[in-house]
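The values are calculated or read from the model by the stated rules, or taken from the named source; none is laboratory data. Since the structure is predicted, the reported quantities are computational estimates derived from the model, not experimental observations. Because the Cβ atoms are built from the backbone with ideal geometry, glycine has one as well, and the counts that use them run over all protein chains shown.
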Amino acid sequence: MTVIAVAGKGGTGKTLVSALLVNFISEHTTSVLAVDADPDSNLPEALGVEDQLKKTLGEIRELFQVSRDEMGTMNKEQWLEGKIYAEAICECPRYDLLVMGRPEGEGCYCFANSLLRGVLKRLMRHYDYIIIDTEAGLEHFSRKTIDTADYIIIVTDMSRKGLATAKRIKGLAEELKLNFKKIFLIANRIASEDAEKTIRKFAEEEGLELLAVLPYDSSVAEVDLRGDPVSEIDKNSEVYKKMREVANLMLNLSVEAR
Amino acid sequence: MVERKRIEIPEGVKVKESVGEEAEFPFDISPMYEGERIRKGDMYVELGGPSQPGFELVMALPMDQVEDMKVTLIGPDLDEMEEGSTYPYAMIYYIAGEMVETDLEPVIERRNHDFQNYLEGYMHLNQRYDIWIRIGKNAIKKGLKSLIQIAKATMMLYKNELPFIEKIEAVYITDKDLVEKLLNELAMPIFEERDARVEALSDEDVDEFYSCTLCQSFAPTNVCIVSPDRPSLCGAITWFDGRAAAKVDPEGPNRAVPKGELLDPIGGEYSGVNEFAKQESGGEYERIKLHSFFEYPHTSCGCFEVIGFYMPEVDGIGWVHRGYAEPAPNGLTFSTMAGQTGGGKQVVGFLGIGIAYFRSKKFIQADGGWYRTVWMPKELKERVAKYIPDDIRDKIATEEDAKTLDELREFLKKVDHPVVKGVVRPVDGQKITNGWVEEEEEAEEAVEEVAAEAAPAASAAQPAAMQPMPMQMPGFQLPALQMPAPSAAPAGVKLIIKDAKITIDKVIVRKAEKEKKGGK
């Protein structure tokens, strides 16, 4: 099991990066789980599978909260597991997709989350690759719904905010003791050499390995903006080619680590 | 009780039999396969699930009726199934042994899920009539040929892991008509019977309760005790959940608490629970009564779904749930009261509970149960209406009847609620409250009487510090002063001050003003 967490400020292109990674890695194996752990993002749309989604994990958890009084002697962990496997995991042709969805509502979620952690842990260990599109706060990691990440890829654009968020994510990832093997940076929509220089300097200063510098490409930006599937990106574009290299690198790293 | 007997095999169906242990299996068996998900594209066949009937059932039979390690398969086997299709599926196990009894059936049946998930290439989901199985193409490639191999491996695991099972026999069915017939005529009645038994299960019927310390990160001294008659405060954990969790991880957040000696059958006080509470709360609490509101109540963690609050002005208890944002008749909202009560404290006058506790036959029985309940939000009342006894249901006010104490008083008087003339608790027929006394002089006498009665209880109190409520709480009794609070309605509420230094410059005793009396 190799867990790759893709994080970054909203709008920097992390969902684009996550979706391309899922696409490329699932060409090699179908043992891939894509996780949308950002309530603000649209990984299913970027993958072009939003029509196949049934329920989010958050919706199942809510259903659990309102149904539990009627469950009698039913084993609640098995109930949750059954629901998650049947309705929250979307079986796409080459990979599975899990959308975490809405955060908790009112009331006590201690027991529901304790059961969920167990179910997810047993589920996740069977995938070769897990790619998680996560928001900058790494909420699901801090709550231990997902407890490890082997590789963290931070996506940033050239904005000061993007860089500041990147820095914060790195600090948080260390603080949460995720035991990651490496933490990378991908710079997206880099339009000038100056900008690239700034990014390189930033990566060096912060101890982040710069994995790729993706140029600004108006056709890619349009796909991203429209929320169209990343499969529509021009196969000859720099972004597409460079992301394939990134995916290959991740595959190699994981194989070496095993 | 539904008769437990071997199923009859109808004429004309395809039957395959096999007896004896299998020397080896073409698949790995290990707990590491738990959670393995077989994707649609990787699956050879699907059994049961959302589109086909299915069930699993364990039946305890006498020794001579079980043929050990025998498997009977009725209907098509794996090699006769079409790849990618879904088939009906029933797994019936007959078990026998000196210690095997009908009560154990559900516990043993539950393990089918665990054991079958140890099998590589075999995914088992859900339980009872919801079972959903997928068998992977890989398993077939590695040499899995027959469901008989699956049954033999499962039976082997049963006998290894649960050695009290002396004999086990399996009947697996993939014949649609027979699966449907047995589901309706055999399995469902047994499941219903079990559920009925569970509803009837009481604290007295079991030897141990279960603890829950999942919340201790928020409420370090909280000790949740989950018994058949008292589900957890958060509403999530029943005695059955506790038992299941304790079995998986005996040292985890849900641990077995031996009941010990029954000290107070009405309040629900057990020596084992007291010992556990003392140990888990770090000595903060030494006694807990499971079904009492006023005396050594259960601690409240902060997770509770509903909070109960005593209103001395009407000598009754109100309940408000998390979803009700308006103030209750005592002028306080759920969140205000929760803030005062939460954190794992034993706060007399307030009690956090789970909604499912309203179903309990022992629902605060020491303090009159439903007959002491005077108010709850309409939404909550409707949700639990069927558990409220018929003769009191309409006498419990909602926000439509009363929003303030004055309105509540009027309402209770109008419907002649038991609190008006005195509550007789159904559990032993004892009269536990005196009712309202209208005349002022009588009121004072009543107060003194109750105060005197309450005094011994207060002096025998545990050394634990009760958190004084900063909000106005008439009816508190200060044991050292032995002075009824001026605006007191009947007591039953006590305040113990530990290691306190109190300096009083002046004490003025004078007749209380009229409007403060009894909240009038």
- Message: Given the options B:Ala366, B:Ala402, B:Ala385, name the one that is touching a residue at least 12 places away in the same chain (Cβ under 8 Å), among the small types (Gly, Ala, Ser) and in a helix (DSSP H, G or I).
- Response: B:Ala366
- Within segment A:239-258, the residues that are within 19 Å of A:Ala5 (Cβ to Cβ) and among the basic types (Lys, Arg) are A:Arg258
- Taking segment B:209-246 as the region of interest, how many residues are among the charged types (D, E, K, R) and closer than 19 Å to A:Asn113 by Cα? 2
- Note on the structure: The one condition A:Phe202 fails out of (1) crowded, with 17+ Cβ neighbours inside 10 Å; (2) within 16 Å of A:Val17 (Cβ to Cβ) is (2)
- Message: Of everything in segment B:191-218, what is surrounded by fewer than 21 Cβ atoms within 10 Å (Cβ to Cβ) and aliphatic (A, V, I, L, M)? Give them in sequence order.
- Response: B:Ala196, B:Val198, B:Ala200, B:Leu201, B:Val206
- Index of the failed condition, A:Lys167 passing every other in (1) at the interface with chain B (Cβ under 9 Å from one of its Cβ atoms); (2) surrounded by fewer than 17 Cβ atoms within 10 Å (Cβ to Cβ); (3) in contact with a helix residue (DSSP H, G or I) (Cβ under 7 Å, 6 or more places away or on another chain): (1)
- Which of the residues spanning segment A:95-124 are crowded, with 18+ Cβ neighbours inside 10 Å, assigned to a loop (DSSP other than H, G, I, E, B) and more than 7 Å from every other protein chain (Cβ to nearest Cβ)? A:Tyr95, A:Met100, A:Gly101, A:Tyr109
- Query: Condition test on B:Thr72, is it among the hydroxyl-bearing types (Ser, Thr, Tyr), modelled with pLDDT of 90 or more, under 37 Å from the mean Cα position of the chain (by Cα) and surrounded by 16 or more Cβ atoms within 10 Å (Cβ to Cβ)?
  - Reply: no
- Mind checking which residues of segment B:82-137 are surrounded by 20 or more Cβ atoms within 10 Å (Cβ to Cβ), closer than 14 Å to B:Met59 by Cα and more than 13 Å from every other protein chain (Cβ to nearest Cβ)? B:Ala90, B:Met91, B:Ile92, B:Tyr93, B:Tyr94, B:Ile95, B:Ala96, B:Val100
- Residues within segment B:183-237 that are in contact with a helix residue (DSSP H, G or I) (Cβ under 7 Å, 6 or more places away or on another chain), within 9 Å of chain A (Cβ to nearest Cβ) and part of a loop (DSSP other than H, G, I, E, B), tallied: 5
- Within segment A:125-150, how many residues are buried (at least 20 other Cβ atoms within 10 Å of the Cβ) and within 9 Å of chain B (Cβ to nearest Cβ)? 1
- Task: Have a look at B:Ala139, B:Ala90, B:Ala96, B:Ala153 and point out the one that is out of contact with any Phe, Trp or Tyr (no Cβ under 8 Å at 6 or more places or on another chain) and among the small types (Gly, Ala, Ser).
- Result: B:Ala96
- Query: Residues in segment B:304-329 that are within 19 Å of B:Val347 (Cα to Cα), of a type in the set (Phe, Trp, Tyr) and assigned to a loop (DSSP other than H, G, I, E, B): how many?
  - Reply: 1
- Query: Based on what the data block shows, is B:Met1 over 26 Å from A:Asp96 (Cβ atoms), outside any strand (DSSP E or B) and touching a residue at least 60 places away in the same chain (Cβ under 8 Å)?
  - Reply: yes
- Query: Which one of the conditions (1) within 21 Å of B:Tyr357 (Cα to Cα); (2) in contact with a Gly (Cβ under 6 Å, 6 or more places away or on another chain); (3) surrounded by fewer than 16 Cβ atoms within 10 Å (Cβ to Cβ) does B:Leu262 fail to meet, given that it meets all the rest?
  - Reply: (2)
- Query: Is it the case that segment A:78-89 has a residue that's more than 9 Å from every other protein chain (Cβ to nearest Cβ), in contact with a Leu (Cβ under 8 Å, 6 or more places away or on another chain), under 14 Å from B:Lys40 (Cβ atoms) and not in a helix (DSSP H, G or I)?
  - Reply: no
- Message: Take A:Val220 and tell me if it is more than 19 Å from the chain's Cα centre (by Cα), of a type in the set (Val, Ile, Thr) and not in a helix (DSSP H, G or I).
- Response: no
- Task: Tell me, yes or no, whether segment A:57-70 has at least one residue that is surrounded by fewer than 22 Cβ atoms within 10 Å (Cβ to Cβ), without any contact (Cβ under 8 Å) to a residue 40 or more places away in the chain, farther than 25 Å from A:Ala5 by Cβ and at the interface with chain B (Cβ under 9 Å from one of its Cβ atoms).
- Result: yes
- Task: Sort out which residues of segment B:416-436 are part of a helix (DSSP H, G or I) and surrounded by 15 or more Cβ atoms within 10 Å (Cβ to Cβ), and write them in order of number.
- Result: B:Pro418, B:Val419, B:Val420
- Out of all the residues in segment A:229-249, is one or more in a helix (DSSP H, G or I), modelled with pLDDT of 95 or more and either in contact with a Lys or Arg (Cβ under 7 Å, 6 or more places away or on another chain) or polar (S, T, N, Q) (or both)? yes
- Message: When the residues of segment B:238-251 are narrowed to those that are more than 9 Å from chain A (Cβ to nearest Cβ) and in a loop (DSSP other than H, G, I, E, B), which ends up modelled with the lowest pLDDT?
- Response: B:Asp249
- Message: Pairs please, first residue from segment B:299-313 and within 14 Å of chain A (Cβ to nearest Cβ) and farther than 13 Å from B:Phe334 by Cα, second anywhere and assigned to a strand (DSSP E or B) and not charged (D, E, K, R), Cβ atoms under 9 Å, 6+ apart in sequence or on different chains.
- Response: B:Ser300/B:Ile307; B:Ser300/B:Phe350; B:Ser300/B:Leu351; B:Ser300/B:Gly352; B:Ser300/B:Ile353; B:Cys301/B:Cys212; B:Cys301/B:Cys224; B:Cys301/B:Gly352
